[in-house]
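One structure is given here, and the rest of the page talks about it.
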Amino acid sequence: MLLKANKNVNPMKKSPINRPQSLAMTVAERLKAAILKRELSLGEALSEEKIAAAMDVSRTPVREALTILQLQGLITILPRRGSFVFRPEKEDLHAIVEYRLRLELLAGELALERAPDALLRSLTRTIETMEKARDNDDTLAYANADTRFHNAFFDHCGNHFFVEAYDIVAGRIAALRAHMSAQLGLHRQRTFQEHLEIVEAVEKRDLAALQAVLRTHIAEMEPNYANALQLV
């Protein structure tokens, strides 16, 4: 005989199980960090055997990690050829810039409307970091700060679907910034000035000015990165 369910017990209120992070996810995070720190080059071939030996794991979690990073767009897996750090072709770069531009304009509008003070604080703090990195000629630190600067629009837009949508290309954009930052030294002064204009527009709550400078700033990513990719 089946026991009757206790109506006073709600199984959905049970405490969640704390599961340790999978080994594959740990390997994926370390590989992602290596890409963003420029320890792995764009387009570089990856050896499952060498990665497994370096991280003291079997090839299975390495293979799973590469699949995870493939879903994030950071790794390209080609049948019978192997795995490679992503390196965008001209068409892919155009699509990434177009996708980012549309999303960031919308996220910026929402963040300015819903959390202008918090957005301004985030942007201002990051500008200070960018200034220090520029003064020290630390291109990698500048690139990381640049990523945080633009992520602020999604952090404060108040809609997690925008965040999830941006995550599709966020890793690739961060990697491009990191790897292209040294080649784009001549453009850094102009783009830094555009960052200051973005902060000023947010401070004035001027949506039209914010969108105008974002359009120019993001659109420049395509020709600048396309030229820089020819040098690496």
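Tell me the per residue accessible area of the stretch 117-232 using a 1.4 Å probe; a whole number in Å² is fine.
48
DSSP H helices in the chain with Cα extent of 15 Å or more along the helix axis and mean Kyte-Doolittle hydropathy at least -1.0? Could the numbers behind the result be given before it?
On the way: long enough: 23-36 (20 Å, 1.19); 59-71 (18 Å, 0.22); 90-114 (36 Å, -0.10); 116-135 (28 Å, -0.72); 139-155 (24 Å, -0.29); 160-180 (29 Å, 0.65); 185-203 (28 Å, -0.65); 207-219 (18 Å, 1.18).
Both cut-offs are met by 23-36, 59-71, 90-114, 116-135, 139-155, 160-180, 185-203, 207-219.
Run down the aspartates and glutamates and flag those whose C-alpha is under 16 Å from the C-alpha of residue 50, throwing out any fewer than 8 positions away in its chain.
Within the straight-line limit of under 16 Å, residue 50 reaches these aspartates and glutamates: 39, 64.
Is the C-alpha gyration tensor of the stretch 81-161 telling us rounded, prolate or oblate? Criteria: a/c under 1.5 is rounded; beyond that, a/b larger than b/c is prolate, otherwise oblate.
Working: a/c = 2.62, a/b = 1.21, b/c = 2.16.
Here the stretch 81-161 falls in the oblate category.
Placing unit charges on C-beta atoms (Lys and Arg positive, Asp and Glu negative, everything else neutral), compute the dipole magnitude of the chain about its Cα centre in debye, rounded to 20. List each step's numbers first, then the result.
On the way: 31 positive and 31 negative charges, 240 e Å.
Rounded to the nearest 20 debye, it is 1160 debye.
Using the Cα centre as the reference, give the magnitude of the dipole from point charges on the C-beta atoms of the stretch 33-90 (Lys, Arg: +1; Asp, Glu: -1; all else neutral), rounded to the nearest 20 debye. Each step should come with its number before you reach the end.
On the way: 9 positive and 7 negative charges, 44 e Å.
That gives the stretch 33-90 a dipole magnitude of about 220 debye.
Heads up, I need the accessible area for residue 97: 1.4 angstrom probe, whole protein in place, Å², nearest 10.
10
Taking the Cβ-Cβ separation of residue 164 and residue 80 as r and a Förster radius of 35 Å, what is the calculated FRET efficiency to the nearest 0.05?
On the way: r = 33 Å, r/R0 = 0.94.
Calculated value: 0.60.
At 1.4 Å probe size, put 55, 180, 25 in order of accessible surface, largest to smallest. Provide the component values of the computation, followed by the final result.
Values: 55 35, 180 0, 25 65 Å².
Listed by decreasing accessible area, they come as 25, 55, 180.
Between beta-carbons, use under 13 Å as the cut-off and find the net charge around residue 114, counting Lys and Arg +1, Asp and Glu -1. Mind dumping the intermediate values first?
Working: positive: 205; negative: 109, 113, 117, 155.
Net of charged neighbours comes to -3.
Could you work out [θ]222 nm for the chain from helices alone, using -39500 (n - 2.57) per DSSP H run of at least four and dividing by all its residues? Round to the nearest 500 deg cm²/dmol.
Result for the chain, helices only: -22500 deg cm²/dmol.
If you take every residue apart from residue 83 with its C-beta less than 13 Å away from the C-beta of residue 83, what net charge results, scoring Lys and Arg +1 and Asp and Glu -1? Write out the running numbers ahead of the final one.
Numbers: positive: 50, 59, 63, 80, 81, 87; negative: 44, 48, 49, 64.
Summing Lys and Arg as +1 and Asp and Glu as -1 gives +2.
How much length, in nm to one decimal, is gained on full extension between residue 64 and residue 30, taken as 0.36 nm per residue of separation minus their Cα-Cα distance? Provide the component values of the computation, followed by the final result.
Values: separation 34, 0.36 × 34 = 12.24 nm, distance 1.31 nm.
So the chain would gain 10.9 nm between residue 64 and residue 30.
Remind me, what semi-axes does the stretch 192-232 give for its equivalent ellipsoid, largest first in whole Å, using sqrt of 5 times each Cα gyration tensor eigenvalue?
Working: eigenvalues 141, 18, 4 Å².
Ellipsoid semi-axes (Å, largest first): 27, 10, 4.
I need the fraction of alpha carbon pairs in the chain separated by more than 32 Å, rounded to a whole percent.
Values: 8298 of 26796 pairs.
Tail of the P(r) past 32 Å holds 31 percent of the pairs.
Within the set of other residues whose C-beta is less than 12 Å from the C-beta of residue 207, count the net charge using Lys and Arg as +1 and Asp and Glu as -1.
Working: positive: 204, 205; negative: 109, 113, 206.
Neighbourhood net charge equals -1.
Expressed as cubic angstrom per residue, what is the convex hull volume of the alpha carbon set of the stretch 34-106? Kindly include the intermediate steps, with their values, before the conclusion.
Values: hull volume 8.2 nm³, N = 73.
Dividing the Cα hull volume of the stretch 34-106 by its residues yields 113 Å³.
When a/c reaches 1.5 or more, the comparison of a/b and b/c decides; with that in mind, is the stretch 143-232 rounded, prolate or oblate per its Cα gyration tensor?
On the way: a/c = 2.19, a/b = 1.28, b/c = 1.71.
Oblate, because a/c is 1.5 or more while a/b does not exceed b/c.
The values are calculated or read from the model by the stated rules, or taken from the named source; none is laboratory data. These numbers come from a predicted model, not from an experiment. FYI the Cβ positions are ideal-geometry reconstructions off the backbone, even for glycines, and counts take in every protein chain you see. Side chains are part of the model used for accessible areas, which takes the heavy atoms of the whole protein and leaves out ligands, DNA and RNA. Shrake-Rupley method; radii C 1.70, N 1.55, O 1.52, S 1.80 Å.
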